[in-house]
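Peer 1: Sharing a structure with you now.
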Amino acid sequence: MNLDANIPSGPLEQKWDKHRFDLKLINPANKRKFKVLVVGSGLAGGSAASTLAELGYEVDCFCFQDSPRRAHSIAAQGGINAAKNYPNDGDSVFRLFYDTIKGGDFRSREANVYRLAQVSASIIDQCVAQGVPFAREYGGYLANRSFGGAQVSRTFYARGQTGQQLLLGCYAALSRQIGLGKVRMFPRTELLDIVVVDGQARGIVTRNLVSGKVEPHVADAVVLATGGYSTVFFLSTNAMACNVTATYRAHRKGAAFANPCYTQIHPTCIPVSGDYQSKLTLMSESLRNDGRIWVPSKNGDQRTANQIAENERDYYLERKYPSFGNLAPRDIASRSAKEACDAGRGVGESGQGVYLDFKDAIGRLGEDTIRQRYGNLFHMYEKITGDNPYQVPMRIYPAPHYTMGGLWVDYNLMSSLPGLFVIGEANFSDHGANRLGASALMQGLADGYFVLPYTIGNYLASAKLGSVSGSSSEFTGATKGVEDQTKKLLSINGKRSPDSIHKELGRIMWEKCGMGRTEAGLKEALKIIPALREEFWNNVSVLGTGSELNIMLEKAGRLADFLEFAELMCRDALERNESCGGHFREDHQTDEGEAKRNDDDYSHVSAWEYKGPDKNPILHKEPLVFDNVKLATRSYK
Amino acid sequence: MNLNLRVWRQSNATDPGKLVDYPAPDISEHMSFLEMLDVVNERLIVKDEQPIAFDHDCREGICGMCSLMINGIAHGPEKGTTVCQLHMRHFKDGDTLVIEPWRARAFPVVRDLVVDRSSFDRIMQVGGFVSANTGNAPDGNAIPISKVEADLAMDAAACIGCGACVASCKNASAMLFVGAKVSQFLHLPQGHPERKSRASNMVAAMDHEGFGNCTNQYECEAVCPKEISVSVISELNREYTRATLTSGSD
Ligand SMILES: Cc1cc2nc3c(=O)[nH]c(=O)nc-3n(C[C@H](O)[C@H](O)[C@H](O)COP(=O)(O)OP(=O)(O)OC[C@H]3O[C@@H](n4cnc5c(N)ncnc54)[C@H](O)[C@@H]3O)c2cc1C
Ligand code: FES
């Protein structure tokens, strides 16, 4: 397997410029002869599809929701980073680059991250031009705030709805191209396979979720922008239908999967309240700017929050990390909450919760200011829990939120399968072992607006693309494979609903491959997941037919892939004998309970190659080389 | 609590459909409305009955996918709330809940409670944008915009495109939806070069899709989960008049 990252030579600051100059161009009149399939209409897919169409390519775009505007990116609340240095507080491209590398616990590629920081400023310009209503200061200029463990204010935001507004900007650009006939949009359409011809990705097979029709689509290149896989845990902050199907099926067709065990558990979510729970709601991290996190100092303290005196409270983040305090990075804040709860100091009925308290901020700034800053979040919290956070502290607990792992890509964002490009959360490239707040939106739009449109041109200009037809054996074979799987799922006639099996998988993953991982636990998971998979294939119930809107069939298909993918995650977590970022191996920690990296043996990307249904995947390693930063122990003390 | 559900079941677009009764015992008041439906569905599956199809995704009140009429009210009784964020504590033991899909000519039913809202997308395709190709943009701070105007733009931009406004309007008018987009761009200088074509094209598309006229009932504002104000409708009316009465295109 070729894992050459194709990083351009030369100094870090000049790589992207130089690379763009070296890339082959396609004459404007010829671009329309190339067809590109963009799967996904979130920030990554939406921006790529519209930009490629503006450049003149023929584009088909797919999403499983009823409209491209509803991609999961819509849910992002907090903001988007950019190295604009508008507040004049010392930010720079290099600082954003350094923060991202360090925040990722030195497990990402320097060149990719630097480019991300470089193009970040253009993203804001582009979004403003589209009419994205970013927050403004009274002078009319763009407002910034500090977010998610950054010591500079580089985060742009639109109330608590930044993802929504950025996505609507993207959706508007996409809609314009659809209206002009430059993009054909396929909503309620799910990718179920990738088609490889002569070693190149040349198309996909989809199922129309309304009619059930299975169809081949032929193209010159395929772009996956299908988001992350946090829903492997069943309960997560992600939208219900997020899934791993597109990337996992691509993996089965030859694309390496990188660092699948790197998942981010977000510290500030509303705790689980019962078995019926379908998702965990994120409370924006911006709340940590003014809220103070604490638990009772005494184990098993059953009193209500307001009955517990100041000196009986443990503001554990402020105690352990005096310089970052409540703004400690996500992985650290999450783990500390788990530690407190595991020690019996958790709050709420389940004991799986900690307080996020605004009493001091309200005292200092007044309720009005707090309402102005967080009114909608407080309102949402009250709606869900029935508690009023102006009077009692919020209760929060960590929840699966983001997946840094994804399909392996090179500097051009091309996977190890030629012609298959992967952008946004679906790839692995920029966040290492832990993502900083407000950086996913930045990466999705960087990939889609400013990176992929260049690099895909180079591929199309230089690859030898033979003529391919949808009736070739590769396409008919893949189509039949999809139809066969549908038939198989419908014929099991078992007793268990897809959701009940998914919940069981989620519990296994949360316990064994969640916030704290151990060798023994992972080994156990590797035994029970295959058994659960067996159970699924023998006992799942999928009613109805394949030729109608069938929600059980959709769920079962996605779950089938999760049941294989979960094993890959555990395998990767087991193999990575160190702690780094969101991957915390309890057997690798410092005396103070911090993550202990092992740079000598694990300073690499783990890229897994699929070998067949009952065979073990093969691990390939792409070494990470750091020429511009010094590897340091992350300290937020 | 124990509830009685009367749910619209329709197996496809051509099936006439009907209301079917389902008892829903042992519902926790902490569940969201959709979690309650999940529980009902799991019980149906155990009995080998097809679960009730409904649209949903984010369950955070932001994607605009969920879309249910509960006892004749779009998104149910809680003001400013999507049905995914509505919790069962707002209902009482013994309540009968009639659950139906959005009803409008321009939103045909796909199955059960799922409708086709692609007409909204088609309206956006003719004018719900600023034509700014990637790469064209000046520095973000080169266009100062007063905080007041930016906030007004944001108020309108908060629309999630769920279609509750249409579902609750006796004329099935889409004026609140279209008004929200026109208003957003009206309050931003970036929107001005195309303001005429935007207003006239979007209104024409809205008529073409079969949405009705606005007769100032304001049911739309009452159910809008993002509490978009009907003032966007007056803005749309003004913009439309301006576009038709003044000469020349943008
Ligand atoms: C609650 C929440 C809050 C967040 N807040 C922030 C924040 O403040 N700042 C920040 O930077 N990041 C935030 N994030 C992370 C960020 O929102 C996501 O990482 C990012 O939006 C992902 O964008 P994407 O384009 O890669 O994928 P998505 O937006 O998930 O889009 C995936 C697309 O792929 C399509 N798709 C998937 N599979 C298939 C298939 N098989 N066939 C066809 N189509 C398919 C979907 O329909 C969809 O259109 C947040 C995430 C969550 C969950
Ligand atoms: S499910 Fe997204 S708004 Fe209700």
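Peer 1: So which of A:GLY212, A:GLY199 ends up being in contact (Cβ under 8 Å) with a residue 60 or more places away in the chain, surrounded by fewer than 24 Cβ atoms within 10 Å (Cβ to Cβ) and closer than 23 Å to A:GLU548 by Cα?
Peer 2: A:GLY212 is the lone residue from the list that is in contact (Cβ under 8 Å) with a residue 60 or more places away in the chain, surrounded by fewer than 24 Cβ atoms within 10 Å (Cβ to Cβ) and closer than 23 Å to A:GLU548 by Cα.
Peer 1: Moving on to the next point. Can you confirm whether A:TYR248 is among the aromatic types (Phe, Trp, Tyr) and closer than 27 Å to A:GLY470 by Cβ?
Peer 2: yes
Peer 1: Has segment B:70-93 got any residue that is within 10 Å of chain A (Cβ to nearest Cβ), surrounded by 15 or more Cβ atoms within 10 Å (Cβ to Cβ) and in a strand (DSSP E or B)?
Peer 2: Yes: segment B:70-93 contains one or more residues that are within 10 Å of chain A (Cβ to nearest Cβ), surrounded by 15 or more Cβ atoms within 10 Å (Cβ to Cβ) and in a strand (DSSP E or B).
Peer 1: Confirm whether A:ALA75 is open to solvent by 10 Å² or more (accessible area, probe 1.4 Å), at the interface with chain B (Cβ under 9 Å from one of its Cβ atoms), within 19 Å of the chain's Cα centre (by Cα) and closer than 25 Å to A:GLY160 by Cα.
Peer 2: yes
Peer 1: Condition first: within 16 Å of ligand 2 (Cβ to nearest atom) and under 15 Å from A:ALA44 (Cα atoms). Now tell me which residues in segment A:215-248 satisfy that.
Peer 2: A:GLY227, A:CYS242
Peer 1: Pick out, from segment A:195-250, the strands (runs of 3 or more DSSP E) lying fully within it that include 2 or more residues that are within 12 Å of ligand 1 (Cβ to nearest atom) and at pLDDT 95 or above.
Peer 2: A:200-208, A:221-224
Peer 1: A follow-up question, please. If the requirement is being within 9 Å of another protein chain (Cβ to nearest Cβ) and surrounded by 21 or more Cβ atoms within 10 Å (Cβ to Cβ), which of these qualifies: B:ILE143, B:ILE160?
Peer 2: Just a single option satisfies the conditions, and that option is B:ILE160.
Peer 1: Now a separate question. Restricting attention to segment B:163-179, which residues are farther than 11 Å from B:VAL223 by Cα and either out of contact with any helix residue (DSSP H, G or I) (no Cβ under 6 Å at 6 or more places or on another chain) or within 16 Å of ligand 2 (Cβ to nearest atom) (or both)?
Peer 2: Correct list: B:LYS170, B:ASN171, B:SER173, B:PHE177.
Peer 1: Looking for something more than 16 Å from ligand 1 (Cβ to nearest atom) and either in the same structural domain as B:LYS170 (by TED's automatic domain parsing) or over 17 Å from the mean Cα position of the chain (by Cα) (or both) - is there at least one such residue anywhere in segment B:60-70?
Peer 2: No; the residues of segment B:60-70 include none that is more than 16 Å from ligand 1 (Cβ to nearest atom) and either in the same structural domain as B:LYS170 (by TED's automatic domain parsing) or over 17 Å from the mean Cα position of the chain (by Cα) (or both).
Peer 1: Taking segment A:227-269, which residues are in contact (Cβ under 8 Å) with a residue 60 or more places away in the chain, within 14 Å of chain B (Cβ to nearest Cβ) and open to solvent by 10 Å² or more (accessible area, probe 1.4 Å)?
Peer 2: A:GLY227, A:PHE234, A:LEU235, A:ALA241, A:CYS242, A:ASN243 - these are the residues of segment A:227-269 that are in contact (Cβ under 8 Å) with a residue 60 or more places away in the chain, within 14 Å of chain B (Cβ to nearest Cβ) and open to solvent by 10 Å² or more (accessible area, probe 1.4 Å).
Peer 1: I'm told B:GLU194 meets every condition in (1) in the same structural domain as B:LEU152 (by TED's automatic domain parsing); (2) touching a helix residue (DSSP H, G or I) at 6+ places or on another chain (Cβ under 7 Å); (3) surrounded by fewer than 20 Cβ atoms within 10 Å (Cβ to Cβ) except one. Can you identify the failing condition by its number?
Peer 2: Checking B:GLU194 against (1) in the same structural domain as B:LEU152 (by TED's automatic domain parsing); (2) touching a helix residue (DSSP H, G or I) at 6+ places or on another chain (Cβ under 7 Å); (3) surrounded by fewer than 20 Cβ atoms within 10 Å (Cβ to Cβ), the one that fails is (2).
Peer 1: Right, another one. Within segment B:25-58, work out how many residues are within 28 Å of B:ALA104 (Cα to Cα), out of contact with any His (no Cβ under 8 Å at 6 or more places or on another chain) and not in a loop (DSSP other than H, G, I, E, B).
Peer 2: Qualifying residue count, segment B:25-58: 6.
One line per residue, one yes/no per condition, for (1) modelled with pLDDT of 95 or more; (2) within 7 Å of ligand 1 (Cβ to nearest atom); (3) among the aromatic types (Phe, Trp, Tyr):
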position	(1), (2), (3)
A:HIS19	yes, no, no
A:PRO28	no, no, no
A:LYS31	yes, no, no
A:GLY45	yes, yes, no
A:ALA48	yes, no, no
A:LEU52	yes, no, no
A:SER73	yes, yes, no
A:GLN77	no, yes, no
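Peer 1: If you scan segment B:42-60, which residues turn out to be more than 7 Å from chain A (Cβ to nearest Cβ) and surrounded by 22 or more Cβ atoms within 10 Å (Cβ to Cβ)?
Peer 2: Scanning segment B:42-60 gives B:ILE52, B:PHE54.
Peer 1: What do you reckon, is B:ALA243 at the interface with chain A (Cβ under 10 Å from one of its Cβ atoms), open to solvent by less than 50 Å² (accessible area, probe 1.4 Å) and either in contact with a Ser or Thr (Cβ under 7 Å, 6 or more places away or on another chain) or under 30 Å from A:LEU142 (Cβ atoms) (or both)?
Peer 2: So B:ALA243 fails the test.
Peer 1: On to the next question. Kindly indicate the residue of segment B:117-129 that is in a loop (DSSP other than H, G, I, E, B) and crowded, with 23+ Cβ neighbours inside 10 Å and also farthest from the other protein chains (Cβ to nearest Cβ) among those meeting that condition.
Peer 2: Once the filter is applied, the top-ranked residue is B:GLY127.
Peer 1: A follow-up question, please. Taking the condition at pLDDT 95 or above, farther than 25 Å from B:SER183 by Cβ and not hydrophobic (A, V, I, L, M, F, W, C), does B:PRO108 pass?
Peer 2: Judged against the criteria, B:PRO108 is a match.
Peer 1: Further question on the same structure: May I ask you to list the residues in segment B:11-41 that are more than 10 Å from chain A (Cβ to nearest Cβ), within 16 Å of ligand 2 (Cβ to nearest atom) and of a type in the set (Ser, Thr, Tyr)?
Peer 2: Of everything in segment B:11-41, nothing turns out to be more than 10 Å from chain A (Cβ to nearest Cβ), within 16 Å of ligand 2 (Cβ to nearest atom) and of a type in the set (Ser, Thr, Tyr).
Peer 1: Oh, and also: Within segment A:593-612, identify whether any single residue is over 25 Å from the mean Cα position of the chain (by Cα), at pLDDT below 95 and open to solvent by 50 Å² or more (accessible area, probe 1.4 Å), and answer yes or no.
Peer 2: Checked segment A:593-612: no residue is over 25 Å from the mean Cα position of the chain (by Cα), at pLDDT below 95 and open to solvent by 50 Å² or more (accessible area, probe 1.4 Å).
Peer 1: Still on this structure: Going residue by residue through segment A:287-297, is there one that turns out to be in a helix (DSSP H, G or I) and surrounded by fewer than 22 Cβ atoms within 10 Å (Cβ to Cβ)?
Peer 2: Among the residues of segment A:287-297, at least one is in a helix (DSSP H, G or I) and surrounded by fewer than 22 Cβ atoms within 10 Å (Cβ to Cβ), which makes the answer yes.
Peer 1: Search segment A:126-145 for residues being of a type in the set (A, V, I, L, M, F, W, C) and touching a residue at least 24 places away in the same chain (Cβ under 8 Å), and hand back the single one that is nearest to the other protein chains (Cβ to nearest Cβ).
Peer 2: Within segment A:126-145, the match that is nearest to the other protein chains (Cβ to nearest Cβ) is A:LEU142.
Peer 1: Moving to a separate point now. Looking only at segment B:94-116, filter to residues that are acidic (Asp, Glu) and open to solvent by 10 Å² or more (accessible area, probe 1.4 Å); which one of those is farthest from B:LEU5 (Cα to Cα)?
Peer 2: Among those that are acidic (Asp, Glu) and open to solvent by 10 Å² or more (accessible area, probe 1.4 Å), it is B:ASP116.
This table checks each residue for (1) modelled with pLDDT of 95 or more; (2) surrounded by 24 or more Cβ atoms within 10 Å (Cβ to Cβ); (3) charged (D, E, K, R); (4) part of a helix (DSSP H, G or I).
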site: A:GLY363; (1), (2), (3), (4): yes, no, no, yes
site: A:THR369; (1), (2), (3), (4): no, no, no, yes
site: A:ASN376; (1), (2), (3), (4): no, no, no, yes
site: A:HIS379; (1), (2), (3), (4): no, no, no, yes
site: A:ILE384; (1), (2), (3), (4): no, no, no, yes
site: A:VAL392; (1), (2), (3), (4): yes, no, no, no
site: A:VAL409; (1), (2), (3), (4): yes, yes, no, no
site: A:ASN412; (1), (2), (3), (4): yes, no, no, no
site: A:PHE421; (1), (2), (3), (4): yes, yes, no, no
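Peer 1: Now for a different question. Please report, ordered by residue number, the helices (runs of 4 or more DSSP H) entirely within segment A:513-607 with at least 3 residues that are within 21 Å of A:PRO617 (Cα to Cα).
Peer 2: A:519-539, A:551-575
Peer 1: Considering each residue of segment A:440-466, count those that are within 14 Å of chain B (Cβ to nearest Cβ), open to solvent by less than 10 Å² (accessible area, probe 1.4 Å) and away from ligand 1 (no atom under 16 Å from the Cβ), and give that number.
Peer 2: So the answer is 2.
Peer 1: Take the residues of segment A:37-89 that are charged (D, E, K, R) and within 16 Å of ligand 2 (Cβ to nearest atom): which is farthest from A:VAL451 (Cα to Cα)?
Peer 2: The qualifying residue farthest from A:VAL451 (Cα to Cα) is A:ASP66.
The values are calculated or read from the model by the stated rules, or taken from the named source; none is laboratory data. Note that this is a predicted model, so its numbers are computed, not measured. Reconstructed Cβ throughout: ideal geometry from the backbone, glycine too, with neighbour counts over all protein chains shown. For the accessible areas, the whole protein counts, side chains as well, though only heavy atoms, and no ligand, DNA or RNA atoms are used. Shrake-Rupley method; radii C 1.70, N 1.55, O 1.52, S 1.80 Å.
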